[in-house]
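Structure record follows, encoded as C-alpha cells.
The values are calculated or read from the model by the stated rules, or taken from the named source; none is laboratory data. Only a predicted model underlies this, so the values are computations on that prediction, with no experimental measurement involved. Cβ atoms come from the backbone with ideal geometry, glycine included; neighbour counts cover every protein chain shown.
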Amino acid sequence: MNKVFKNRMVCSLFLILNGVLILICPIMKWTNFMVIFLATMIFNALINALQFFLNMETKDYTGALTCLSSLAIAIGAYLFEIDKSPKNLAITILIWTMFLSLIKLKKADMYHDRKSKLWTSQIFFLGIFMISGILTSINFLYGIEAQILIFGYFIFISGILSFLEPFLAYLTKDKLK
C-alpha cells in the first residue's frame, strides 16, 4: 500500500476514534460541551496538519485548509461562547460544514482536472457530508447530552467519509482513469 494512502487512512482512523470518544462522553458524565467542541476542533486541526505534512509531496492542500478552518472555528466558538445558545452552536456547525464542503469540492475538482473518475465519489461523499452537517446543526435544540451525541455522530460520520476517500482511491488505482 502506498505511503500516502496509509497516512491518510491512519489520520482518518484517528478522526473516527475522536467521534467514538465524543459518543462515550455522556456515559462518562463529561458534559461540558465547550471543552468537547474545542478539543475536537483542535484535534481535527492537528490531525489534518499532520496529514498535510506527511503527504506534502502530493501537493494536496486539503489537510492544510481543513486545519485552518478547524482552528478558525475553534477560535470563533470560544469568542462567541457557543455553549450559551443552541442557535450560536448551530450556526457555528453550519459554517464549519460550509468550509469543509468547499474544501471537499476543491478536492473533487482536483480529481476532475486530473481526468480521474474519483471526482464522482468525492461529490457523493460531499453530499453525504453536507446532509449530515445540516441535520446536525438542526438538531442542537435539545439537552446537552443530546447535543454531545449528535455532534459525536457527525464527527464519526465525517471520519468514516474521510477514511473511505483514500480507501476507494487505493482500491481503484489505475482502474478509473
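In segment 60-71, the residues that are in a helix (DSSP H, G or I) form Cβ pairs under 8 Å with partners that are among the charged types (D, E, K, R), at six or more places apart or across chains, as follows: 62/104; 62/106; 62/107; 65/106.
Identify, from the list 87, 107, 173, the residue that is at pLDDT 80 or above and under 17 Å from residue 5 (Cα atoms). Answer to the check: 107.
Within segment 1-42, being loosely packed, with under 14 Cβ neighbours inside 10 Å and of a type in the set (S, T, N, Q) holds for 2, 32. Flag: residue 87 does not match the condition of being within 20 Å of residue 168 (Cα to Cα), part of a helix (DSSP H, G or I) and not hydroxyl-bearing (Ser, Thr, Tyr). For segment 115-144, the tally of residues that are exposed (fewer than 15 other Cβ atoms within 10 Å of the Cβ) and either charged (D, E, K, R) or in a loop (DSSP other than H, G, I, E, B) (or both) stands at 5. Among the candidates 100, 79, 105, 65, the residue that is touching a Lys or Arg at 6+ places or on another chain (Cβ under 9 Å) and among the aliphatic types (A, V, I, L, M) is uniquely 65.
Yes or no: residue 79 without any contact (Cβ under 8 Å) to a residue 12 or more places away in the chain, of a type outside the set (D, E, K, R), more than 17 Å from residue 154 (Cα to Cα) and in contact with a Leu (Cβ under 9 Å, 6 or more places away or on another chain)? Answer is no for this residue. Of the residues in segment 29-40, at least one is basic (Lys, Arg) and without any contact (Cβ under 8 Å) to a residue 12 or more places away in the chain. Evaluate segment 43-62: report whether one residue or more is closer than 21 Å to residue 134 by Cα and surrounded by fewer than 19 Cβ atoms within 10 Å (Cβ to Cβ). Checked against the condition, which is being closer than 21 Å to residue 134 by Cα and surrounded by fewer than 19 Cβ atoms within 10 Å (Cβ to Cβ), segment 43-62 yields no hits at all. Scanning segment 59-104 for residues that are in contact with a helix residue (DSSP H, G or I) (Cβ under 6 Å, 6 or more places away or on another chain) and either hydroxyl-bearing (Ser, Thr, Tyr) or under 17 Å from residue 122 (Cα atoms) (or both) returns 62, 63, 65, 66, 69, 70, 92, 97, 99, 101, 103, 104.
Looking across segment 82-111, just one residue is in contact (Cβ under 8 Å) with a residue 40 or more places away in the chain and among the small types (Gly, Ala, Ser), and that is 90.
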